[in-house]
Structures are given as C-alpha cells and as structure tokens.
Amino acid sequence: MKIELKYGVISGAGVCAWVLVEYFLGFHNQHLALGKITGYLATVIPVVALFRALKERRDQQPDDDLATGDGVKAGLIISAIAGVITTAFFWAYKHYINPGWMEKALEFEKAQMAKAGASAEMIDRKVAAFNALHSDEIQIVTGLIGTLVMGLAISLVITSILKKKTSAPE
C-alpha cells in the first residue's frame with residue numbers, strides 16, 4: 001500500500017502542479033489556444049507515475065513478475081488516490097483560483113466555432129452541452145470515475161509490458 005500511496009500522491013500532485021504552471025503562464029486566460037494543447041500533456045504525469053509504481057511493485061516480487069491482478073489492483077488504488085486529489089483541486093481551481101476560467105474557455109470555443117463557420121444553432125448546442133458537462137456534480141463524478149477507468153486501462157497495458165517473459169520450452 002505504501003507504493004500506491006506514494007505514486008497516487010505523486011500523480012495527483014503532479015497534475016495539480018502542471019495545471020498551476022499553465023495558469024501562471026496564462027494558458028487558461030490569455031493563451032487559450034496553447035492551453036488547449038498543453039492540457040493534454042498533463043496525461044503524461046499519471047502514465048509515468050503508474051509505470052514507475054508498477055515497475056517498483058514488480059521488482060519487489062521474489063520472481064520479478066507482476067501478476068495482472070496485482071498490477072491492476074495497484075493501478076486502481078493509485079488512480080483512486082490521484083482522482084480524489086485532482087478532483088478536489090479542480091473544484092477549488094474552478095471556484096477560487098481561477099473562477100472565470102470556464103467562461104473564458106467557453107467563449108474561446110464559441111469564437112473558434114464561429115470562425116469555422118458553425119451555425120448559431122450548432123454553437124448553442126455546444127454551449128448547452130458544455131454547461132451540462134461542467135456542472136460541479138458532473139465534474140466530480142467524471143473526475144473520480146474517469147480517473148479510475150483511465151487508470152484501469154493504463155494499468156492493464158503497463159502490467160502486460162512489465163510481465164516477465166517466460167522462455168519457450170525446448
């Protein structure tokens with residue numbers, strides 16, 4: 001459990017730190033087009049944290065092998081810890097650190113759509129969907145569940161990569 005706690009905190013805190021760096025660089029207020037791109041780079045943090053954690057977990061095994069169930073279990077625990085940290089952070093970010101962020105992002109998206117020739121009706125539908133998906137309740141649920149689902153998928157892949165290769169019988 002020590003490994004899971006360590007890497008869950010590293011993953012969650014790493015994503016939060018990344019978002020704060022983006023904020024201080026103006027990627028959420030002045031440079032929204034760039035921020036839209038850099039936001040995706042934050043996904044590297046949990047992938048690296050999961051890889052390092054599962055490798056460390058594997059290296060602790062007497063036979064240097066990581067069972068799929070053990071890898072997935074560890075990955076889900078790490079993801080749950082990171083999910084709680086990042087979900088709480090994003091709620092605070094939205095309400096206290098950068099309260100106008102969502103509105104700026106929405107205005108940016110509307111301008112991009114209008115520039116691309118989208119109809120007013122299409123823009124209105126996008127705005128309605130954006131508002132529905134960015135309510136506090138939906139953000140909390142998707143933050144927690146989404147982190148677990150992604151953690152499951154990433155842990156499965158990493159565990160299969162880290163599995164000990166068994167030699168074929170001669």
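Some notes on this structure:
- Sparsely packed GluC sites (Glu not before Pro) within the range 100-138, loop by DSSP, other Cβ within 10 Å at most 13: none
- Built amide H within the under 5 Å cut-off of Leu66, gap 5+: Lys164
- Candidate residues Asp59, Asp124, Asp65: accessible-area rank, largest first, probe 1.4 Å: Asp124, Asp59, Asp65
- Recomputing Rg and Dmax of the Cα atoms in Å from the coordinates shown identifies the correct label among (i) 19.5, 69; (ii) 30.5, 111; (iii) 15.5, 52 as (i).
- Once both labels are positioned 7 Å from their Cα atoms along Cα-to-Cβ, the gap between Lys164 and Leu20 label points is 4.1 nm.
- Set of aspartates and glutamates near Lys110 by C-alpha distance (under 12 Å), chain-local residues within fewer than 8 positions excluded: Glu121, Asp124
- Here the accessible area is traced with a 1.4 Å probe on the protein chains. For the range 106-165, carbon and sulfur cover 69 percent of it.
- In this structure the range 1-157 gives 58 Å² per residue of accessible area when probed at 1.4 Å with all protein chains present.
- Residues of the chain were split at every exposed loop site, defined as trypsin sites (Lys or Arg not before Pro) in a DSSP loop with at most 16 other C-beta atoms within 10 angstrom, and the longest piece left, sites excluded, is 1-162.
- Förster-model FRET efficiency, 22 Å R0, Val149 and Lys36, C-beta, rounded to 0.05: 0.45
- Structure-based [θ]222 nm, the chain - -39500 (n - 2.57) summed over DSSP H runs of at least 4, per residue, nearest 500: -26000 deg cm²/dmol
- FRET efficiency for Lys6 and Lys104, using Cβ-Cβ distance with R0 set to 35 Å, rounded to 0.05: 0.50
- A Förster radius of 35 Å combined with the Cβ-Cβ distance from Ile138 to Val47 puts the calculated FRET efficiency at roughly 0.90.
The values are calculated or read from the model by the stated rules, or taken from the named source; none is laboratory data. Predicted, not measured: the structure shown is a model, and the values here were computed from it. Here Cβ is always computed from backbone atoms with ideal geometry, including for glycine, and neighbour counts include all displayed protein chains. The protein model used for the area step is the full one, side chains on, heavy atoms only, and it has no ligands, DNA or RNA in it. Shrake-Rupley method; radii C 1.70, N 1.55, O 1.52, S 1.80 Å.
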